[in-house]
């Protein structure tokens, strides 16, 4: 453990708001790396050198010019190794108790800092593993990958366990407010999508209730042990829910048929091109909104007009324009099906 000047100076600056004496922190060679008196930084402190050599607290009764003022110097230890010295200028009898408290505080801070760094490093290793786990298990059973199995064992992760994935739209701050059990795994898939990987049905119920209460957009996979496919299911559900504007679409089972249609080899190039062209038209958005709402309302003109806050005649006029542009009649079930599938494929590809 190396005592960094930036950390040392921040400690000095904070502590000097509480202690009416100058504080110095020296490195393991006795040079001042932080001080309330900035002019002394990078100078050698003879009292610190002696404290390091003798490995004990040493009071200084006299002044050594720029190399030491009366006070007390205490070695800072980390895992029984001296990494520096903390010193307080003043009457040794008065400042020794303060220096002792400061020494303890600094050592505890350094210990906590290392523990945080170790936890951060472990989390980085875990995140890299999950990334690989997701990619491997899109196409095969992850237990067939010996290296992945070995790393999973080191991280105490059971690859065969049944899991469920929840994809959340938003920042990790949302997840920080959830009370998750130790087996639940968090993974940042993108800057905008977080995955919660869990193995408890109780946790599934709890998380869903919390997300609904906060009106968070999310999608839930089926249960299974191929994490890559589960992640795809959760993200697909989230995206299709947004496309349809239906927050009731939460589970993959509700959109699995639509996903199969998306994956099929339907010739929708002309329809997709027309949706692309519509986005460039002044009235394009209102026509696309009309198609979506007409589908949601099961071709009911009255309900669609009501939901769009327009008159029936206005709606019929829009439907006529859609018919001319797409050469498909929204009031014909077969034609509407093509408009419906075209709408889904066009917007789904835009979210990839």
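If you take just the strands (runs of 3 or more DSSP E) that sit entirely in the stretch 51-150, which of them hold at least 2 residues that are within 17 Å of residue 1 (Cα to Cα)?
Answer list for the stretch 51-150: 71-78, 81-89.
Would you say residue 57 is touching a strand residue (DSSP E or B) at 6+ places or on another chain (Cβ under 7 Å), farther than 19 Å from residue 77 by Cβ and surrounded by 14 or more Cβ atoms within 10 Å (Cβ to Cβ)?
When the stated conditions are applied, residue 57 does not pass them.
Conditions (1) assigned by TED's automatic domain parsing to the domain that holds residue 239; (2) surrounded by 15 or more Cβ atoms within 10 Å (Cβ to Cβ); (3) more than 14 Å from residue 244 (Cβ to Cβ); (4) modelled with pLDDT under 95, marked per residue:
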residue	(1), (2), (3), (4)
285	no, no, yes, yes
293	no, yes, no, yes
311	no, no, yes, no
314	no, no, yes, no
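Pick from 157, 197, 207: which is in contact (Cβ under 8 Å) with a residue 24 or more places away in the chain, surrounded by 15 or more Cβ atoms within 10 Å (Cβ to Cβ), more than 23 Å from residue 257 (Cβ to Cβ) and not assigned by TED's automatic domain parsing to the domain that holds residue 256?
Working: 197 fails: not assigned by TED's automatic domain parsing to the domain that holds residue 256; 207 fails: not assigned by TED's automatic domain parsing to the domain that holds residue 256.
Going through 157, 197, 207 in turn, the sole match is 157.
Which residue, of 280, 259, is outside the structural domain of residue 234 (by TED's automatic domain parsing) and either surrounded by 12 or more Cβ atoms within 10 Å (Cβ to Cβ) or farther than 24 Å from residue 217 by Cβ (or both)?
Just one listed residue meets the conditions, 280.
For residue 238, indicate whether it is surrounded by 16 or more Cβ atoms within 10 Å (Cβ to Cβ), more than 16 Å from residue 135 (Cα to Cα), out of contact with any helix residue (DSSP H, G or I) (no Cβ under 9 Å at 6 or more places or on another chain) and modelled with pLDDT of 90 or more. Can you show your working first?
Values: surrounded by 16 or more Cβ atoms within 10 Å (Cβ to Cβ): yes; more than 16 Å from residue 135 (Cα to Cα): yes; out of contact with any helix residue (DSSP H, G or I) (no Cβ under 9 Å at 6 or more places or on another chain): yes; modelled with pLDDT of 90 or more: yes.
Here the answer is yes, as residue 238 does meet what is asked.
Can you report the number of residues in the stretch 17-28 which are farther than 14 Å from residue 101 by Cβ and in contact (Cβ under 8 Å) with a residue 12 or more places away in the chain?
Selection size over the stretch 17-28: 6.
Going residue by residue through the stretch 161-172, is there one that turns out to be over 30 Å from residue 16 (Cα atoms), in a helix (DSSP H, G or I), in contact with a strand residue (DSSP E or B) (Cβ under 9 Å, 6 or more places away or on another chain) and not assigned by TED's automatic domain parsing to the domain that holds residue 235?
no
For residue 257, which of the numbered conditions (1) more than 26 Å from residue 307 (Cβ to Cβ); (2) without any contact (Cβ under 8 Å) to a residue 12 or more places away in the chain fails to hold?
It fails just one condition, (1).
Specify the residue that is nearest to residue 173 (Cα to Cα); the eligible residues are those in the stretch 217-235 that are in contact with a strand residue (DSSP E or B) (Cβ under 6 Å, 6 or more places away or on another chain) and surrounded by fewer than 18 Cβ atoms within 10 Å (Cβ to Cβ).
217
Mind listing whichever residues of the stretch 170-194 are exposed (fewer than 15 other Cβ atoms within 10 Å of the Cβ) and either out of contact with any helix residue (DSSP H, G or I) (no Cβ under 7 Å at 6 or more places or on another chain) or free of Cβ contacts under 8 Å to residues at least 12 places away in the same chain (or both)?
Passing the criteria: 171, 172, 173, 176, 177, 179, 182, 190, 191, 192.
The values are calculated or read from the model by the stated rules, or taken from the named source; none is laboratory data. In this text the structure is predicted, and so the values were computed from the model without any measurement. Quick reminder, even Gly has a Cβ in these numbers, built from the backbone with ideal geometry, and neighbours come from all protein chains shown.
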